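Only the coordinates and a few stated rules stand behind these numbers; no lab work does. None of these values were measured; they are calculated from a predicted model. Neighbour counts are summed over all protein chains in view; Cβ atoms, including those assigned to glycine, are modelled from backbone coordinates with ideal geometry.
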Amino acid sequence: MAKTLFRGPVLQGKFNEAGLTGFNLEDKSANYTVQAADSGKTFTSSTDGVVLLYSSLPDGAAAPYNEGRTATHEVGHYLNLRHIWGDGRCRQDDFVADTPSSDGANYGCPSYPTVNCKSTDMTMNYMDYTDDACMYMFSEGQKSRMRAIFASGGIRESLAQ
């Protein structure tokens, strides 16, 4: 069942039962985090942000998404990352050279290796959909992509000042 949270003009939206989701400004549902860098739109403090479901935070009731890792996933979107499968089949790209191709999300705590698209999935990556207990890393390329948005001319340069 969806719940609505309002905490000022930035954080308003609906949450789904999966735990944490971002804020879709177009239809006011919380299905994903706004990625200003990819959208070509300009966002202000009243239209930009990440929505967090309190029960998805550590010790919350939204198990298996209640260890804070799902928050890390959503902040990854906010910092210009896509899902590691590129939001499509094997030929879609997440624009990060050191993440392997995959055909879609992984769920639960899959055994390693999990092979799709003739490569081993990075199931432990924060940008997959595995349980919080199974996520523990960003790749070096993802770290570089996130840092780049704070550099001079980056979409979130002002946050670093």
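Let me have the relative contact order for region 47-99, percent, based on Cα pairs under 8 Å that are six or more residues apart. Could you put the intermediate results ahead of the total?
On the way: 46 pairs, mean separation 10.9, N = 53.
Contact order relative to length: 21 percent.
Where in region 63-161 are there chymotrypsin sites (Phe, Trp or Tyr not before Pro) that are in a DSSP coil and have at most 12 other Cβ atoms within 10 angstrom of their Cβ? The partial results should precede the final answer.
Values: sites: Tyr65, Tyr78, Trp85, Phe95, Tyr107, Tyr126, Tyr129, Tyr136, Phe138, Phe150; in loops: Tyr65, Trp85, Phe95, Tyr107, Tyr126, Tyr129, Tyr136, Phe138, Phe150.
Loop-located and lightly packed - Tyr136.
Mind grabbing the base-10 log of I(q)/I(0) for region 107-161 at q = 0.13, 0.18, 0.30 Å⁻¹? Debye formula, identical points on the C-alpha positions, no solvent, two decimal places.
The computed values of log10 I(q)/I(0) come out as -0.46, -0.69, -1.11.
Have a look at region 97-138 and give its Rg and Dmax from the Cα atoms, expressed in angstrom.
That works out to 9.3, 26 Å for Rg and Dmax.
Rounded to two decimal places and with Rh computed the Kirkwood way over Cα pairs, what is Rg over Rh for region 40-161?
Result for region 40-161 is an Rg/Rh of 0.99.
Check Asn116: other-chain or 5+ apart residues with amide H under 5 Å from its amide H, H built from backbone geometry?
For Asn116, whose amide H was placed from the backbone, the distant partners under 5 Å are Asp121.
Around Phe150, under 9 Å between beta carbons, what's the net of Lys plus Arg minus Asp minus Glu among the other residues? Walk me through the numbers before you get to the answer.
Numbers: positive: Arg147, Arg156; negative: Glu157.
It works out to a net charge of +1.
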